[in-house]
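J.: To start, I am sharing the structure in question, which I have written as structure tokens.
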Amino acid sequence: MDGEQRSLADYAGQTVLVVNVASRCGLTPQYAKLEELQRRYADRGFTVLGFPSNQFLQELGSNEAISEFCSTTYGISFPVLDRVRVNGRNAHPLYQELKQTPDAAGKAGRVTWNFEKFLVSPGREVTRFRPTTEPDAPEVIDAIEASLPAS
């Protein structure tokens, strides 16, 4: 959001949970659980990366408004990056790649809604969780813990 270019290479050796976020969505309370994950696992090489997207017409109009919302409403400490497109011809290259990963039911393709989650391990294996899977669901926690060094 600050105009600085970032790459997944900046997080080499870490486990990263990539999430398309939105400030005005029924799933927006997931921000609190994402922040809990960030605080719980950050010292073991984990980070959440939030990518605001207005493709589902539920995001605020500017990076400044998004940043203020995340900070004042949820106390977000993880990086919330610039707004991106997650679907279509102009989808961000990261999402073009991530969407090739199938979910637990074996279905790949389009991001279906806000708060779709992609866990990227240090070895670059990707596990996909659909939007209604809560960030603290057992399958998410198990996948995070399996990709992190022992505490």
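J.: Taking region 29-53, which residues are surrounded by fewer than 18 Cβ atoms within 10 Å (Cβ to Cβ) and part of a loop (DSSP other than H, G, I, E, B)?
T.: PRO29, GLY45
J.: In this structure, does ASP136 turn out to be surrounded by fewer than 18 Cβ atoms within 10 Å (Cβ to Cβ), closer than 17 Å to LEU8 by Cα and either in contact (Cβ under 8 Å) with a residue 40 or more places away in the chain or among the hydroxyl-bearing types (Ser, Thr, Tyr) (or both)?
T.: Criteria not met by ASP136.
J.: If I filter region 112-125 down to residues being more than 13 Å from VAL19 (Cβ to Cβ) and either within 12 Å of the chain's Cα centre (by Cα) or without any contact (Cβ under 8 Å) to a residue 60 or more places away in the chain (or both), which single residue comes out as surrounded by the most Cβ atoms within 10 Å (Cβ to Cβ)? Break it down into steps so the answer makes sense when it comes.
T.: Filtering region 112-125 for residues more than 13 Å from VAL19 (Cβ to Cβ) gives 112, 121-125.
Filter once more, so that each one left must be either within 12 Å of the chain's Cα centre (by Cα) or without any contact (Cβ under 8 Å) to a residue 60 or more places away in the chain (or both): 112, 123-125.
On the way: THR112: 15, GLY123: 8, ARG124: 9, GLU125: 12.
Looking at the filtered set, the residue picked out is THR112.
J.: Can you give me the number of residues within region 59-99 that are under 28 Å from GLY109 (Cβ atoms), surrounded by fewer than 18 Cβ atoms within 10 Å (Cβ to Cβ) and aliphatic (A, V, I, L, M)?
T.: Of the residues in that region, 1 qualify.
J.: Looking at region 114-134 only, could you name the residues that are outside any strand (DSSP E or B) and either on the phi > 0 side of the Ramachandran plot or of a type in the set (Val, Ile, Thr) (or both)?
T.: PHE115, ARG124, THR132, THR133
J.: If ASP10 passes every condition in (1) part of a helix (DSSP H, G or I); (2) of a type outside the set (S, T, N, Q); (3) free of Cβ contacts under 8 Å to residues at least 24 places away in the same chain; (4) surrounded by 18 or more Cβ atoms within 10 Å (Cβ to Cβ) but one, which one does it miss?
T.: Checking ASP10 against (1) part of a helix (DSSP H, G or I); (2) of a type outside the set (S, T, N, Q); (3) free of Cβ contacts under 8 Å to residues at least 24 places away in the same chain; (4) surrounded by 18 or more Cβ atoms within 10 Å (Cβ to Cβ), the one that fails is (4).
Every residue, every condition in (1) without any contact (Cβ under 8 Å) to a residue 24 or more places away in the chain; (2) among the small types (Gly, Ala, Ser); (3) closer than 21 Å to ALA22 by Cα; (4) not in a loop (DSSP other than H, G, I, E, B), yes or no:
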position: GLU59; (1), (2), (3), (4): no, no, yes, no
position: PHE78; (1), (2), (3), (4): no, no, yes, no
position: GLY88; (1), (2), (3), (4): no, yes, yes, no
position: GLY106; (1), (2), (3), (4): yes, yes, no, no
position: GLY109; (1), (2), (3), (4): yes, yes, yes, no
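Every number in this text was worked out from the coordinates using simple rules, so none of it is lab data. From a predicted model like this one, the values you see are computed outputs, not experimental measurements. Neighbour counts are summed over all protein chains in view; Cβ atoms, including those assigned to glycine, are modelled from backbone coordinates with ideal geometry.
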